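Quick notes on the structure that follows.
The values are calculated or read from the model by the stated rules, or taken from the named source; none is laboratory data. From a predicted model like this one, the values you see are computed outputs, not experimental measurements. Every residue, glycine as well, gets a Cβ built from its backbone with ideal geometry; the counts of neighbours run over all protein chains shown. All accessible areas refer to the heavy atoms of the entire protein, side chains included, with ligands and DNA or RNA removed. Shrake-Rupley method; radii C 1.70, N 1.55, O 1.52, S 1.80 Å.
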Amino acid sequence: MTNRRSTSTLVAGAGAALLIALAAACGSSNASGSTVAPSTAAPTTARAASPAVAVGMSGLGNILVDSQGRTVYMFGADSGTTSACTAACAAAWPPVTATGTPGAGTGANTALVATTSRSDGTNQVTYNGHPLYTFMGDKAAGDTNGEGLVAFGGRWSVLSPAGVPISAPKSSGAPPPTTAPKPPPPPPPPPTAAPANPRIPQHGGGDDDSDNNGGPDDGDGGV
């Protein structure tokens, strides 16, 4: 009887040990299966501001242009950074706008770039305190067809890299002559001077008459 109980106790103990071992193996498998794989996504960084303005070449020299290379203008009717160009004016002279902080491209001064709020809620780019516009009359980069135009109550001017209105190059005047000019005419000859002391024949020309023709043989019979 005692031997039978001992055998039962041993079998029960072995079974309990087997169950514990199985439970530990399952727990280890579950733990390894729930491990999170490392992320391969690139870290997010702040996007750099795109250049809103830069410096380009034109027939007027170095001028301020937008990100597409189009000439930008200032409007003489604007009051500081407040735009006076809306509706039909803004259709002919589209404002240069930005959705974030604008940057400066090659040749432009970052310290002069800013934005101003327009009446329609958009942000217009300013440079040296001037709201910037393009012109519908410009068809290609480098065109400056709006320079000096007076429209919608003010003058439109191209800007230099310093943010001031640029002046058109001055004309040199009439072209130089292609041939040498004709020489001036020679001066007229000086008048012949009369002798200071003209010689007057004496004694009537030598024949003592009054005609001063001289000589007794002059044929006047001594007259």
Scanning for something within 16 Å of the chain's Cα centre (by Cα) and β-branched (Val, Ile, Thr), does the stretch 112-124 turn up at least one residue? yes
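I need a count of the residues in the stretch 117-139 that are in a strand (DSSP E or B) and surrounded by 13 or more Cβ atoms within 10 Å (Cβ to Cβ).
Here the count works out to 8.
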Taking into account only those residues within the stretch 149-158 that are part of a loop (DSSP other than H, G, I, E, B) and either in contact (Cβ under 8 Å) with a residue 40 or more places away in the chain or touching a Ser or Thr at 6+ places or on another chain (Cβ under 7 Å) (or both), which is farthest from residue 66 (Cα to Cα)? 153
Tell me, which residue of the stretch 149-181 that is more than 21 Å from residue 136 (Cα to Cα) and among the β-branched types (Val, Ile, Thr) is modelled with the lowest pLDDT? 178
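Say we look at the stretch 98-116 and pick out the residues that are assigned to a strand (DSSP E or B) and under 24 Å from residue 62 (Cβ atoms); which of these is most open to solvent (accessible area, probe 1.4 Å)?
At the first step, the residues of the stretch 98-116 found to be assigned to a strand (DSSP E or B) are 98, 103-104, 113-116.
Right, trim to under 24 Å from residue 62 (Cβ atoms) and you get 98, 103-104, 113-115.
Details: 98: 23, 103: 11, 104: 31, 113: 23, 114: 43, 115: 60 Å².
Per the criteria, the residue is 115.
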Contact list, first residue from the stretch 78-102 and closer than 17 Å to residue 66 by Cβ and polar (S, T, N, Q), second anywhere and open to solvent by less than 40 Å² (accessible area, probe 1.4 Å) and part of a loop (DSSP other than H, G, I, E, B), beta-carbon distance below 7 Å, six or more apart or interchain, is 83/118
How many residues, within the stretch 59-76, are buried (at least 16 other Cβ atoms within 10 Å of the Cβ) and either closer than 14 Å to residue 143 by Cβ or modelled with pLDDT of 95 or more (or both)? 11
Would you confirm whether any residue within the stretch 26-42 is open to solvent by less than 70 Å² (accessible area, probe 1.4 Å), among the hydrophobic types (A, V, I, L, M, F, W, C) and at pLDDT 95 or above? no
